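S.K.: Structure below; questions to follow.
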Protein chains: 2
Amino acid sequence: MKVRVTVMPKAGVLDPQGKAIAQALAGLGFEGVAEVRAGKVLMLDLAETNPAAARAAGEAMARRLLANTVIESFTVELA
Amino acid sequence: MKVRVTVMPKAGVLDPQGKAIAQALAGLGFEGVAEVRAGKVLMLDLAETNPAAARAAGEAMARRLLANTVIESFTVELA
């Protein structure tokens, strides 16, 4: 079962990578880019076949390893 | 208008970051993780208000800067 974990910096947390991308886009001539936030996406291929259990496993992995919950929030979706 | 660009390594392209995460999950006792693929997600806040134009802008930015289309594929969604 495939599970997608998306990890984003929390609102209010500085995101220098996103800022750099926004500046680079402006430098390339793309106008009207108000903000860029850069996050990670992890596609997990799990042996688990129960959707609820797979989602729960993804959340446990995100909390334990994939996200730093002090500064990042995460969402888990079945994919 | 918010646009989400998701960038993933193409199938067949080695993904050492994903491999390292899979090994770390196994080391933490998470079983049944067959594969992890690690990608990026960029949330763009654009001044553009037309959905089709915002999506087209996101695709142009992905092709030009956000993704390396030799080894990465990307998807663009309105968010």
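S.K.: Skip the ligands, DNA and RNA, and give the accessible area per residue of the range B:37-79 with a 1.4 Å probe, whole Å².
M.R.: Ligands and nucleic acids excluded, the result is 50 Å² per residue.
S.K.: Using each residue's phi in the range B:66-72, evaluate 6.51 cos²θ - 1.76 cosθ + 1.60 at θ = phi - 60° and report the 3J(HN,Hα) Karplus result to the nearest Hz, with x for Gly and Pro.
M.R.: 6, 10, 9, 5, 5, 10, 10
S.K.: With a bin width of 5 angstrom, please list the P(r) values of chain B as percents of all Cα-Cα pairs, from the 0 bin to the one holding the largest distance.
M.R.: Computed distribution, short to long bins: 3, 16, 21, 16, 14, 12, 10, 6, 3, 0.
S.K.: Quote the relative contact order of chain A in percent (integer), defining contacts as alpha-carbon pairs under 8 Å separated by 6+ residues.
M.R.: Relative contact order of chain A: 52 percent.
S.K.: Follow-up question, since we're still on this one. Simple spin-label model, 7 Å along Cα-to-Cβ: A:ALA34 to A:ASN68 in nm?
M.R.: In this crude label model, A:ALA34 to A:ASN68 measures out at 2.8 nm.
S.K.: Taking all protein chains together and a probe of 1.4 Å, list A:ILE21, B:ILE71 from the most accessible to the least accessible.
M.R.: B:ILE71, A:ILE21
S.K.: Oh, and also: For the range A:2-78, give the magnitude of the charge dipole about the Cα centre (Cβ charges: +1 Lys/Arg, -1 Asp/Glu; no others), in debye to the nearest 20. Could the numbers behind the result be given before it?
M.R.: Numbers: 9 positive and 8 negative charges, 35 e Å.
That gives a dipole near 160 debye.
S.K.: ³J(HN,Hα) across the range A:53-60 via Karplus (A = 6.51, B = -1.76, C = 1.60, θ = phi - 60°), whole Hz, x for Gly/Pro?
M.R.: 5, 5, 5, 4, 5, x, 5, 4
S.K.: Here is a follow-up. Sort shortest first the distances from A:ALA53 to its counterpart in every other copy, using label points 7 Å along the Cα-to-beta-carbon line, and give them in nm.
M.R.: Spelled out, the distances from A:ALA53's label point are 5.1 nm.
S.K.: Given a 1.4 angstrom probe, I'd like the percentage of the accessible area of the protein assembly as shown that is carbon and sulfur, rounded to a whole number.
M.R.: Of the solvent-accessible surface of the protein assembly as shown, carbon and sulfur hold 55 percent.
S.K.: While we're here: Would you tell me the accessible area of B:MET8, worked out with a 1.4 angstrom probe on the heavy atoms of the protein chains, in Å² to the nearest 10?
M.R.: Probe radius 1.4 Å; accessible area of B:MET8 about 30 Å².
S.K.: Given H placed on each backbone N at 1.01 Å, which residues far from B:SER73 in sequence or on other chains put an amide H within less than 5 Å of it?
M.R.: So B:SER73 has HN proximity to B:MET8, B:LYS10.
S.K.: Another question about this same structure. What average number of partner chain Cβ atoms lie no more than 10 Å from the Cβ of the residues making up B:54-62? Please list the in-between numbers first.
M.R.: Details: counts 1, 0, 0, 5, 1, 0, 3, 7, 0.
Mean shielding by partner chains, rounded to a whole number: 2.
S.K.: Identify, among A:MET1, B:ILE71, B:ASN50, the residue whose Cα sits farthest towards the positive end of the charge dipole of the protein assembly as shown, taking +1 on the Cβ of Lys and Arg and -1 on the Cβ of Asp and Glu, with the dipole about the Cα centre.
M.R.: The residue sitting farthest along the positive end of the dipole is B:ILE71.
S.K.: A follow-up question, please. Name the chain A residue with the Cβ nearest the axis that maps A onto B: which is it, and what is the distance in angstrom?
M.R.: Closest Cβ on chain A to the axis mapping it onto B, in Å: A:VAL41, 2.
S.K.: Between A:ALA47 and B:THR49, what FRET efficiency follows from the Cβ-Cβ distance if R0 is 35 Å, with the result rounded to 0.05?
M.R.: So, using R0 = 35 Å, E works out to roughly 0.20.
S.K.: Now, a different point. I'd like the interface area for chains A and B: accessible area of each alone minus the complex, both sides summed, 1.4 Å probe, protein heavy atoms only. What is it in Å² to the nearest 100?
M.R.: 2400 Å²
S.K.: DSSP loop GluC sites (Glu not before Pro) in chain A with at most 16 other Cβ atoms within 10 Å of their Cβ, which ones?
M.R.: For GluC sites (Glu not before Pro) across chain A that sit outside H, G, I, E and B with at most 16 neighbouring Cβ atoms in 10 Å, the list reads A:GLU31.
S.K.: Can I ask one more? Where the label is 7 Å out from Cα toward Cβ, how close does B:LEU14 come to the same position in every other copy, in nm, shortest first?
M.R.: Nearest first, the other copies' label points are 3.5 nm away.
S.K.: What distance in nm separates the simple spin-label points at A:LYS10 and A:ALA56, each placed 7 Å from Cα in the Cβ direction?
M.R.: That separation, rounded to one decimal, is 2.6 nm.
S.K.: Can you work out ³J(HN,Hα) from phi for every residue in the range A:5-13, in order, using Karplus 6.51 cos²θ - 1.76 cosθ + 1.60 and θ = phi - 60°, giving whole Hz and x for Gly and Pro?
M.R.: Taking θ as phi minus 60°, the curve returns 9, 10, 10, 10, x, 5, 4, x, 7 Hz for the range A:5-13.
The values are calculated or read from the model by the stated rules, or taken from the named source; none is laboratory data. It should be emphasised that the depicted structure is a prediction, and the values quoted were computed from it without experimental measurement. Glycine gets a Cβ as well: all are built from the backbone with ideal geometry, and neighbour counts include every protein chain shown. SASA here: full protein model, heavy atoms, side chains in, ligands and nucleic acids out. Shrake-Rupley method; radii C 1.70, N 1.55, O 1.52, S 1.80 Å.
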